[in-house]
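*Asks:* Please find one structure pasted underneath; my questions will follow.
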Amino acid sequence: MPCPHTSSLAHDSPVQSVMTQRVSSHWISIMALATLGLLPRSVLALDGCEVMLCLAAPDWRSIPRCSVVINQLMRDLAKGKPFPTCDSTSAGNTASHSWASAPANCPPQYITDTEGPNGPQPRCEYSGVISVSVEGQLFTQTWWRWDGDSVTDFRPDAKQRLGSWNTRFDDELAAWLAAQPPDQPVDPYGNPQQ
């Protein structure tokens with residue numbers, strides 16, 4: 001699933017070095033034209049391939065380019081812009097965005113009750129979720145908020161492939177599970193079972 005704009009993420013071969021030089025000169029040209037106002041705004045839109053690769057990384061915050069890309073993605077989503085697409089992915093490699101809603105589309109450790117006119121109403125602490133699938137399997141789900149905070153749920157296949165990842169989601173789920181009454185059975189993701 002190569003994406004030409006992500007070659008700056010790692011330099012593993014002479015071929016990637018040449019690609020980086022080509023991509024850099026390509027981006028310099030685009031930025032020069034953009035500065036002059038000669039490019040339509042859509043050309044400057046986020047690259048969906050780069051977004052997907054960054055979201056599948058063990059910790060996108062530790063990769064400077066990914067940090068910029070994902071923070072821009074969250075700002076764009078908060079403004080109602082559509083999720084960027086990637087046309088060069090192979091079958092089964094996808095990313096999509098959906099809005100969070102409690103309790104159905106929100107991890108249990110991030111559900112809080114707020115007082116409503118008819119009593120307590122569940123509310124998700126996060127605004128939306130970006131799901132990335134690799135080879136047809138859910139790989140990550142990144143929950144994001146309007147203020148720019150986010151947390152990523154690395155699914156079992158991702159953990160097996162990556163070996164290490166940002167454990168914030170797992171740590172917060174474990175703390176939530178430990179705080180639950182012992183008589184309430186939950187599944188491995190903390191969802192109450194009937």
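All of the numbers you see were taken from the coordinates with simple rules; none came from a lab. From a predicted model like this one, the values you see are computed outputs, not experimental measurements. Ideal geometry is used to build each Cβ from the backbone, glycine not excepted, and the neighbour counts take in all protein chains shown.
*Asks:* Using Stokes-Einstein with the Kirkwood hydrodynamic radius over Cα pairs, what translational diffusion coefficient do you get for the stretch 115-194 at 10 °C and a viscosity of 1.306 mPa s, in µm²/s rounded to a whole number?
*Replies:* Working: Rh = 14.7 Å.
In µm²/s, the coefficient rounds to 108.
*Asks:* Sequence-distant or interchain residues sharing an amide H contact under 5 Å with GLY128, placed H: which?
*Replies:* Answer set, sorted by chain and number: ALA100, TRP144.
*Asks:* Relative contact order for the stretch 89-194 using alpha-carbon pairs under 8 Å, separation at least 6, rounded to a whole percent? Write down the numbers at each step before the final one.
*Replies:* On the way: 161 pairs, mean separation 22.3, N = 106.
This gives 21 percent for the stretch 89-194.
*Asks:* How long, wide and thick is the stretch 38-162, going by the Cα atoms along their three principal axes, in whole angstroms, largest first?
*Replies:* In descending order, the Cα extents are 52, 43, 27 Å.
*Asks:* Follow-up question, since we're still on this one. Note down the net charge around THR140, summing +1 for each Lys or Arg and -1 for each Asp or Glu among other residues with Cβ under 12 Å from its Cβ. All intermediate terms of the calculation are to be shown ahead of the outcome.
*Replies:* Numbers: positive: ARG155, LYS159, ARG161; negative: ASP59, ASP153, ASP157.
Every neighbour counted, the sum reads 0.
*Asks:* Now a separate question. Could you derive backbone 3J(HN,Hα) for the stretch 148-153 from the dihedral phi with the Karplus parameters 6.51, -1.76 and 1.60 (θ = phi - 60°), listing whole Hz in sequence and x where the residue is Gly or Pro?
*Replies:* x, 5, 8, 9, 10, 8
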